[in-house]
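Worksheet for the structure shown next.
The values are calculated or read from the model by the stated rules, or taken from the named source; none is laboratory data. Keep in mind that this is a model prediction, so the values were computed, not measured. Quick reminder, even Gly has a Cβ in these numbers, built from the backbone with ideal geometry, and neighbours come from all protein chains shown. Heavy atoms of the whole protein, side chains included, go into the accessibility calculation; ligands, DNA and RNA do not. Shrake-Rupley method; radii C 1.70, N 1.55, O 1.52, S 1.80 Å.
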Protein chains: 2
Amino acid sequence: MESTSRIVQALGPLDEEVKLRCTVDCVIFGYDQEDLKVLTIECNMEPFRGMPSLLGDFVAQDEDADSAAKRILKYCTGNDEIYLEEVKCFSKPDRHPFGRVITIAYYSLVSIPQTILTDAAGKHLNWRSVDEITCMAFDHKEILDTCLKQLRHSLREKPIGFNLLPKKFSLKQLQTLYEVVLDIELDKRNFRRKLRSLNILIDLEEQQREVNHRPAKLYKFDDKSFEKKRSNGLKFEI
Amino acid sequence: MESTSRIVQALGPLDEEVKLRCTVDCVIFGYDQEDLKVLTIECNMEPFRGMPSLLGDFVAQDEDADSAAKRILKYCTGNDEIYLEEVKCFSKPDRHPFGRVITIAYYSLVSIPQTILTDAAGKHLNWRSVDEITCMAFDHKEILDTCLKQLRHSLREKPIGFNLLPKKFSLKQLQTLYEVVLDIELDKRNFRRKLRSLNILIDLEEQQREVNHRPAKLYKFDDKSFEKKRSNGLKFEI
DNA sequence: ATAGAAAGTGTTAAATTAACACTATCTTGT
DNA sequence: ACAAGATAGTGTTAATTTAACACTTTCTAT
């Protein structure tokens, strides 16, 4: 137990300790056409060349992990006002073939139709259906699975689903989103009553256009009002 | 945005990238005398010398972060069968005065009367009431606060409170634990009914000894039975 | 034997959740 | 302009869950 004898004791010069590199990996979930997708990039490193990989990068000298994750989002989408949640650190000593690299995994949520992938990144970026991904570079499939589990958990206890939809959405779209991501069925009337009672949607007094049936009313999420209600003890739960 | 242009591209030789050190810090929560405490060690590093610090250590070359956290628990208590939950990575570039150090924060749960602090560590280890800690070394107060918040959240949705009590406990002890940690009041009869209906306690057919009033019946947590029930959809919630 | 102290126990009202089917409003085609 | 097709939108009732509440039992100490 010699390696533990200096627990929390003075850090020596850098070279005496384990040096490792630290990355962040973002599971960027996107939603479109009633399907949950994840943004991948083609891996260009052996032995994983050609396989889909998550978007990641090193944590830079002057930034923390959150900033690194936001930087990746900005790089891919031009936007850094994106929902982001840290999930877990992946740190198996052999997880990266080129050396000791730990990674902090995040997931984020975007509406695909409202997201323009930047040109620079665009060439090798792909939205893939979460269901259809079987194999990824590194331990990225494990990271994806962990983040998906976390997303499903958070979706039920925090009002974050809106981030997967356009700013303006119908109640039907919202319900379908929950049904697709959580793989459950919801009762239309009960779902609508619940949303009404939470009072966190703003009726935009506007309707869908260009649908060939009765158009649905559009709403937006009232995040300020929700924050106020939450701090007064409102519990969101689907 | 030049630093993002190689997102997820080949890792160069180690020296070209940001080198940093990685630690784990454990918020070891202990419970005794109707009080939630945290295990601290006296910091021996300037400028924090003498201040209470969390238990932490470097992640070693051949271990992952979870193993490092378990190693710390084993070092302090001689036991590594302890409830442990990863919480968050703390990675501000200036969080450590001696260089770039990121840390993965964990919390764990023990019953203080059932925990013997090892001699080696014991000399500078202290159980401190969570309420009374105002100031800690490094960013450890922030880590503590974050872990406490996470503990409170998990305590309501997972049956982990038992880890803070002796193996054998009374229903009153369990209720008080929830009341103390969550800072709420619970109705005795409703609490007991809920526990009874969950069917996750084993009646030990044994009683408290050496109390000067009617002794309470003792129970233990039936973790195997709970796991079975959980996978069949049982939702624990206090 | 009695007093003190905490353990243990059930019922009822209120709130929440689950189940369920029809009418309204739009578009498109004739 | 009328009819058919498609999806939006709406309320009631029974079942379940939660919240509120007070007295009896069993032990110890004197």
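Can B:Asp203 be described as within 15 Å of DNA strand D (Cβ to nearest atom), free of Cβ contacts under 8 Å to residues at least 12 places away in the same chain and more than 20 Å from the chain's Cα centre (by Cα)?
Judged against the criteria, B:Asp203 is not a match.
Return yes when A:Phe162 is under 17 Å from A:Leu109 (Cβ atoms), surrounded by 15 or more Cβ atoms within 10 Å (Cβ to Cβ) and away from DNA strand D (no atom under 15 Å from the Cβ) and no when it is not.
Criteria met by A:Phe162.
I need a count of the residues in the range A:157-204 that are away from DNA strand C (no atom under 16 Å from the Cβ) and assigned to a helix (DSSP H, G or I).
9
Which condition breaks for A:Asn44 when tested against (1) in a strand (DSSP E or B); (2) open to solvent by 40 Å² or more (accessible area, probe 1.4 Å)?
Going through the list (1) in a strand (DSSP E or B); (2) open to solvent by 40 Å² or more (accessible area, probe 1.4 Å), A:Asn44 breaks only (1).
Determine which single condition A:Arg49 fails, assuming it passes every other condition in (1) touching a residue at least 12 places away in the same chain (Cβ under 8 Å); (2) surrounded by fewer than 20 Cβ atoms within 10 Å (Cβ to Cβ); (3) farther than 16 Å from B:Lys88 by Cα; (4) more than 7 Å from chain B (Cβ to nearest Cβ).
In the conditions (1) touching a residue at least 12 places away in the same chain (Cβ under 8 Å); (2) surrounded by fewer than 20 Cβ atoms within 10 Å (Cβ to Cβ); (3) farther than 16 Å from B:Lys88 by Cα; (4) more than 7 Å from chain B (Cβ to nearest Cβ), A:Arg49 misses (1) alone.
Is it the case that the range B:106-119 has a residue that's touching a residue at least 24 places away in the same chain (Cβ under 8 Å), open to solvent by 70 Å² or more (accessible area, probe 1.4 Å) and more than 30 Å from B:Asp183 (Cα to Cα)?
no
Would you please name the residue that is farthest from DNA strand D (Cβ to nearest atom), looking only at residues in the range A:165-200 that are within 12 Å of A:Phe221 (Cβ to Cβ) and open to solvent by 70 Å² or more (accessible area, probe 1.4 Å)?
Here the residue is A:Lys167.
Residue check, A:Asn212 against (1) more than 22 Å from A:Phe236 (Cα to Cα); (2) within 12 Å of DNA strand C (Cβ to nearest atom); (3) modelled with pLDDT of 95 or more, all met but one. Which one?
Evaluating A:Asn212 over (1) more than 22 Å from A:Phe236 (Cα to Cα); (2) within 12 Å of DNA strand C (Cβ to nearest atom); (3) modelled with pLDDT of 95 or more leaves (3) as the failure.
Return a yes/no flag: does the range B:155-163 have any residue that is touching a residue at least 24 places away in the same chain (Cβ under 8 Å), closer than 30 Å to A:Lys88 by Cβ and within 11 Å of another protein chain (Cβ to nearest Cβ).
For the range B:155-163, residues touching a residue at least 24 places away in the same chain (Cβ under 8 Å), closer than 30 Å to A:Lys88 by Cβ and within 11 Å of another protein chain (Cβ to nearest Cβ): present.
Exactly one condition in (1) farther than 30 Å from A:Ser225 by Cα; (2) more than 12 Å from chain B (Cβ to nearest Cβ); (3) open to solvent by 10 Å² or more (accessible area, probe 1.4 Å) is not met by A:Arg95; state its number.
Only one criterion in (1) farther than 30 Å from A:Ser225 by Cα; (2) more than 12 Å from chain B (Cβ to nearest Cβ); (3) open to solvent by 10 Å² or more (accessible area, probe 1.4 Å) is unmet by A:Arg95, namely (2).
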